[in-house]
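S.K.: Okay, here's the structure, questions in a sec.
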Amino acid sequence: MSLIQACRSLALSTWLLSFCFVHLLCLDFTVAEKEEWYTAFVNITYIEPGSPAAAAAAGALGASGELRSEKSECGRYGEHSPKLDAHGRVAMASSVQERLACDPNTKFAVPAHVKHWIALIPKGNCSDKDKIRHAFMQNASAVVIYNNICICRNNKTKTKQQEKKKQA
């Protein structure tokens, strides 16, 4: 092999190696940059506490009173969750000891006549995947896992993230 051929071969190898290195860097950068998630609209309908309808809420759906409804884009679908609508009555774990739904035998406070219900579970102590699995084992239509971490000062509620930004 001549010196010119060796140089060309070395140059080609170096170029290919550089291309692969840059390409891998770009892929890693793209993956790191790619944070894809889907927001979810949350619509809550409830009877205002203290209203005449609140007293009748035990059974009469058609009771007159202050029926309120709020909708906001404050939710976020889980990474591997189906992006579908869900509706139903919200239910939490039956007991305080089970409220985190980390036990597969967690029971939820769902009235007997309710067909569609949504499990409302705070974050913590086990994976979201476990919480979802445990709620679906109890026939939940959907699961909402919420952040229950906040710092309250001067009657204003702030999340830990907001507090960290303020201190920086």
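S.K.: Please state which of the following conditions VAL22 fails to meet, knowing it meets all the rest: (1) assigned to a loop (DSSP other than H, G, I, E, B); (2) surrounded by 10 or more Cβ atoms within 10 Å (Cβ to Cβ); (3) modelled with pLDDT under 60.
M.R.: Checking VAL22 against (1) assigned to a loop (DSSP other than H, G, I, E, B); (2) surrounded by 10 or more Cβ atoms within 10 Å (Cβ to Cβ); (3) modelled with pLDDT under 60, the one that fails is (1).
S.K.: Could you please find all residues in the stretch 86-102 being touching a strand residue (DSSP E or B) at 6+ places or on another chain (Cβ under 9 Å) and not small (Gly, Ala, Ser)?
M.R.: HIS87, ARG89, VAL90, MET92, GLU98, ARG99, LEU100
S.K.: Given the criteria under 24 Å from GLU48 (Cβ atoms) and either of a type in the set (Lys, Arg) or without any contact (Cβ under 8 Å) to a residue 24 or more places away in the chain (or both), does ARG68 qualify?
M.R.: yes
S.K.: Of all residues in the stretch 90-131, which are hydroxyl-bearing (Ser, Thr, Tyr) and either more than 20 Å from HIS80 (Cα to Cα) or modelled with pLDDT under 90 (or both)?
M.R.: If the condition is that a residue be hydroxyl-bearing (Ser, Thr, Tyr) and either more than 20 Å from HIS80 (Cα to Cα) or modelled with pLDDT under 90 (or both), then SER94, SER95, THR106 are the ones that fit.
S.K.: Now a separate question. Only one of (1) surrounded by 11 or more Cβ atoms within 10 Å (Cβ to Cβ); (2) assigned by TED's automatic domain parsing to the domain that holds THR45; (3) under 29 Å from GLU36 (Cβ atoms) fails for ILE118. Which number is that?
M.R.: Of (1) surrounded by 11 or more Cβ atoms within 10 Å (Cβ to Cβ); (2) assigned by TED's automatic domain parsing to the domain that holds THR45; (3) under 29 Å from GLU36 (Cβ atoms), only one is false for ILE118: (2).
The values are calculated or read from the model by the stated rules, or taken from the named source; none is laboratory data. Remember, predicted model here, so these are calculated numbers, not experimental data. We place every Cβ from the backbone using ideal geometry, glycine too, and count neighbours over all the protein chains shown.
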